[in-house]
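Q: Take a look at the following structure, please.
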Amino acid sequence: MSPDRGQGAGQSFEDAVVLAAALAGEPAVEAALRRYDAERRPRTQATAKGARADGARTTSRAAYRAMLAMIRLMPGALWRKGIAADGNATWRWRPPRQPSPTAGP
């Protein structure tokens with residue numbers, strides 16, 4: 001994971017939650033790992049792709065200054081849409097539903 005999105009620690013927490021849910025919900029470790037991979041791969045690949053794009057935009061001083069100028073010129077409504085939870089895929093993640101604990105004797 002590129003550092004251009006600051007997602008390393010957050011992604012590791014998400015990984016732990018999804019892996020725990022997969023292990024709790026599948027009878028075999030192999031099935032749990034397949035489920036984990038199927039659930040995590042789209043999000044992690046999208047985040048990595050976005051980080052690469054972010055990094056490419058800031059590889060030179062000129063590119064970085066141009067990006068900052070575009071941000072300053074962006075209308076407030078567009079800026080808010082980009083940082084809104086429904087407009088930003090990074091912030092739309094929701095943890096998997098955990099199975100209900102069974103009642104003891």
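Q: Arrange the following residues from fewest to most other Cβ atoms within 10 Å of their Cβ: Y64, Y36.
A: Sorted ascending by nearby Cβ count, the order is Y64, Y36.
Q: Something else about it: Within a 10 angstrom radius of the beta carbon, how do V18, V29 rank from fewest other beta carbons to most?
A: If I rank by nearby Cβ atoms, fewest first, I get V29, V18.
Q: Now for a separate question. What distance in nm separates the simple spin-label points at D15 and V29, each placed 7 Å from Cα in the Cβ direction?
A: So the two model labels end up 1.7 nm from each other.
Q: Hey, if you drop one equal point scatterer on each alpha-carbon of segment 1-57 and run the Debye formula without solvent, what base-10 log of I(q)/I(0) do you get at q = 0.14, 0.21 Å⁻¹?
A: -0.43, -0.75
Bear in mind these aren't lab numbers, they're just calculated from the coordinates by the rules spelled out. Since we're looking at a predicted model, the values are computed, not measured. Methodologically, a virtual Cβ is constructed for each residue, glycine included, from the backbone with ideal geometry; neighbour enumeration extends over all protein chains shown.
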